[in-house]
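Peer 1: The structure is given below, and queries will be raised subsequently.
The values are calculated or read from the model by the stated rules, or taken from the named source; none is laboratory data. If you're wondering where the values come from, they're calculated on a predicted model, not measured in any experiment. Quick reminder, even Gly has a Cβ in these numbers, built from the backbone with ideal geometry, and neighbours come from all protein chains shown. Each accessible area value is taken on the protein alone, full model and side chains, heavy atoms only, with ligands, DNA and RNA left out. Shrake-Rupley method; radii C 1.70, N 1.55, O 1.52, S 1.80 Å.
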Amino acid sequence: PPAVRRAQLRGLASNASGLRRLQSSSGCPVPWCSIAVMSGGYYAGNKCSFTIDSTETECPSNAYGFNLRVLDADGCSIVDAQHFNTHSGGSAASNAMKTYVEGLHPGTLVLVAVKDATSTEAQPELTAELRAAMADAFGTQELANLGWRESYAAILVKDCPPPLDEERLLAPATRRVP
């Protein structure tokens with residue numbers, strides 16, 4: 001089976017005086033903890049999870065589309081969890097996610113994992129408004145070309161592009177039998 005996509009970040013580095021917090025080149029916050037985000041689109045396991053340090057949380061079985069976790073960068077704890085079923089919720093779910101992202105405060109750390117699909121086969125791309133909102137808020141690049149049943153995992157900071165990590169895995173070609 002195809003590999004899943006993982007975005008990973010290690011927020012600590014060692015030096016002579018012990019552990020220190022890393023800063024991104026732009027001065028944006030980087031968390032203290034180790035983070036891994038796993039996305040398996042439909043053809044790559046149809047699952048997603050978030051791991052903070054050694055604690056893994058899997059997405060619920062019905063959490064199709066985008067799964068977001070907002071972290072407190074200082075304490076590395078989840079302070080909000082959102083699910084946007086853009087797979088079957090269409091433009092209403094896309095608009096809800098756009099509004100949510102636009103309402104986040106600058107410097108907010110957001111983890112994103114896709115489960116199954118973010119769109120439908122008939123409408124394989126995300127709405128232009130949602131793609132633009134994500135690019136404006138986080139500097140996402142891979143999300144712009146995310147297609148039907150593809151995997152996508154990202155570690156993002158609002159108004160601090162580029163993403164700390166962003167990965168997309170293309171879905172295998174589907175074959176139809178007439």
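Peer 1: Limited to the range 60-96, what total is found for residues that are assigned to a loop (DSSP other than H, G, I, E, B), aliphatic (A, V, I, L, M) and open to solvent by 50 Å² or more (accessible area, probe 1.4 Å)?
Peer 2: Looking only at that region, the number is 0.
Peer 1: Right, here's the next one. Residue by residue through the range 162-171, note down the ones that are more than 13 Å from the chain's Cα centre (by Cα) and either buried (at least 21 other Cβ atoms within 10 Å of the Cβ) or modelled with pLDDT of 80 or more (or both).
Peer 2: If the condition is that a residue be more than 13 Å from the chain's Cα centre (by Cα) and either buried (at least 21 other Cβ atoms within 10 Å of the Cβ) or modelled with pLDDT of 80 or more (or both), then Pro162 is the only one that fits.
Peer 1: Would you say Glu56 is surrounded by fewer than 15 Cβ atoms within 10 Å (Cβ to Cβ), modelled with pLDDT of 90 or more and within 24 Å of Leu146 (Cα to Cα)?
Peer 2: no
Peer 1: Residues to consider are Arg10, Arg21; find the one that is open to solvent by 20 Å² or more (accessible area, probe 1.4 Å), modelled with pLDDT under 90 and farther than 14 Å from Leu156 by Cα.
Peer 2: Sole residue among the options that is open to solvent by 20 Å² or more (accessible area, probe 1.4 Å), modelled with pLDDT under 90 and farther than 14 Å from Leu156 by Cα: Arg21.
Peer 1: Turning to a different aspect of this structure: Being buried (at least 22 other Cβ atoms within 10 Å of the Cβ) and in a helix (DSSP H, G or I) is the requirement here; does Leu111 meet it?
Peer 2: The answer is no for Leu111.
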